[in-house]
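Visitor: One structure is given below, represented as structure tokens, and several questions about it will come after.
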């Protein structure tokens, strides 16, 4: 498991929600220093604390662990689709055509 990547994602989500490390640590029931260890990827929370972190941050485990899971691309694709949906139609169509071109080039390379 890539603890650095998981810690980075937790930190990014925490900051996006406007939490300080200390506030998140208090919500989860762990020390500020342990939250720092988690976010720096030096250590990992146990399952109970990971679930608490995910619930406080309203973060899905499949999204957090998507790079570790064999089918993790599904969670990333879903998050990507959400972001794509935020674009105006013209820009969304442009991005979709670029992505289709790239995917087609990999498929046709076989």
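Every residue, every condition in (1) in a helix (DSSP H, G or I); (2) surrounded by 13 or more Cβ atoms within 10 Å (Cβ to Cβ); (3) touching a strand residue (DSSP E or B) at 6+ places or on another chain (Cβ under 9 Å), yes or no:
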{"position": "11", "(1), (2), (3)": "yes, yes, no"}
{"position": "27", "(1), (2), (3)": "yes, yes, no"}
{"position": "33", "(1), (2), (3)": "yes, no, no"}
{"position": "44", "(1), (2), (3)": "no, yes, no"}
{"position": "68", "(1), (2), (3)": "no, no, no"}
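Visitor: Condition test on residue 62, is it loosely packed, with under 12 Cβ neighbours inside 10 Å, assigned to a helix (DSSP H, G or I) and at pLDDT below 95? Working first, answer last.
Guide: Numbers: loosely packed, with under 12 Cβ neighbours inside 10 Å: no; assigned to a helix (DSSP H, G or I): yes; at pLDDT below 95: yes.
In short, no.
Visitor: Looking for whichever is touching a residue at least 12 places away in the same chain (Cβ under 8 Å) and within 16 Å of the chain's Cα centre (by Cα) here; the options are 42, 56. Which one fits? Walk me through it before giving the result.
Guide: Details: 42 fails: within 16 Å of the chain's Cα centre (by Cα).
Just a single option satisfies the conditions, and that option is 56.
The values are calculated or read from the model by the stated rules, or taken from the named source; none is laboratory data. All values reported here derive from a predicted model rather than from experimental measurement. All Cβ positions, even for glycine, are placed from backbone atoms using ideal geometry, and neighbour counts span all protein chains on display.
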